[in-house]
Amino acid sequence: MAGKSKIKNKLLIFDLDGTLYRISGGSFKKSPLKRAVWAQALEFIRERLLADDPEAKQIFKKIRLSYGENISLGLEKEFGISRYEYFDFVWDLPARKFIEKNPAVKAIIARLARNNKIIILSDAPKIWVIGVLKELGIYGILQAAIRSGEGDSRKIFGNAFEPILQEFNVKPADCVVIGDQEETDIKPAKKVGLKAIFIGKNQSRYADSTISNISEVEAAINNIYRMEP
């Protein structure tokens, strides 16, 4: 869709990684980004806890066993290390090396932002979110709209959407979540009454619409609200 978007007065909550751009490798778990983050995490543990390589790997392993992907929380609870210190060290990575840009994203976001409120909701740290938005050329549009994963409200915890609804005083039916993960984007959104668009190869059983990439999002939103695409 080119030109002026027909979508108005909605709150559009976009996931970041895998939604506004493709992750190299197809998913975070298989991506060079994850390998880079894990390598940075080990280096952080070595430097911050004055651990040699075997000790750092053992600490890292224990943290993952207890806290899963939430390494920052594990280090904070077990060693008293600020999660923000961890994020600033580990996620200070050049986004251009890890993302596959869709050239349509900048124009899509610009059109939607004219008549709607847009939020970027990511469990990734703000330092990474900012780097990606700058690389995509949309940081100027969305710099005040970032909700990132430093706090205790995160999609992975299932408590990220309600605070946004309260903050913006919006009805769930007037809010659309767009994401590529059913467990953290789609199912929690539907649970609290939001509309949801899934980006993926397979049809979602939970979303109001499934699209293959971000270029189709305007037509999908129009279709949800029974507008002409």
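Read the figures in this text as sums done on the coordinates, not as results from a lab. Because the structure is a prediction, the values reported are computed rather than measured. No Cβ is skipped: glycine too gets one built from the backbone with ideal geometry, and neighbour counts run over all protein chains shown.
Quick notes on this structure:
- Here the Karplus curve 6.51 cos²θ - 1.76 cosθ + 1.60, taken at θ = phi - 60°, turns the phi angles of segment 197-209 into couplings of 10, 9, 9, x, 7, 9, 5, 7, 7, 10, 6, 6, 7 Hz, with x standing for Gly and Pro.
- The value of relative contact order for the chain, using C-alpha pairs under 8 Å at least six residues apart, is 23 percent.
- Rounded Å value of the spacing that divides the Cα centres of segment 141-168 and segment 88-104: 21 Å
- Above-threshold pairs, the threshold being 21 Å between Cα atoms, out of Lys6/Lys187; Lys101/Lys187; Lys29/Lys61: Lys6/Lys187; Lys101/Lys187
- Other-chain or far-sequence residues with amide H under 5 Å of Ile118's (modelled H): Leu12
- Per-residue ³J(HN,Hα) for segment 142-158, Karplus 6.51 cos²θ - 1.76 cosθ + 1.60, θ = phi - 60°, Hz, x for Gly and Pro: 10, 5, 8, 10, 8, 10, 10, x, 7, x, 9, 9, 9, 4, 5, 8, x
- Gyration tensor (alpha-carbon) shape descriptor, segment 32-95, a/c threshold 1.5: rounded
- Relative contact order %, segment 32-95, counting alpha carbon pairs below 8 Å whose residues are six or more apart: 30 percent
- Most to least packed among 180-193, 63-76 [average Cβ atoms within 10 Å]: 180-193, 63-76
- Bridging of Lys8 to lysines at a Cα separation below 19 Å is possible for Lys106, Lys117, Lys171, Lys195, once same-chain residues fewer than 8 apart are set aside.
- For segment 92-97, the Karplus equation 6.51 cos²θ - 1.76 cosθ + 1.60, evaluated at θ = phi - 60°, returns couplings of 7, 10, x, 4, 4, 7 Hz by residue, with Gly and Pro reported as x.
- Residues whose amide H lies under 5 Å from that of Val177, counting only those 5 or more places away or on a different chain, are Ile13, Lys195, Ala196, Ile197; hydrogens are built 1.01 Å from N in the peptide plane.
- Over all pairs of different C-alpha atoms, segment 88-229 has a mean inverse distance whose reciprocal, the Kirkwood radius, equals 15.9 Å.
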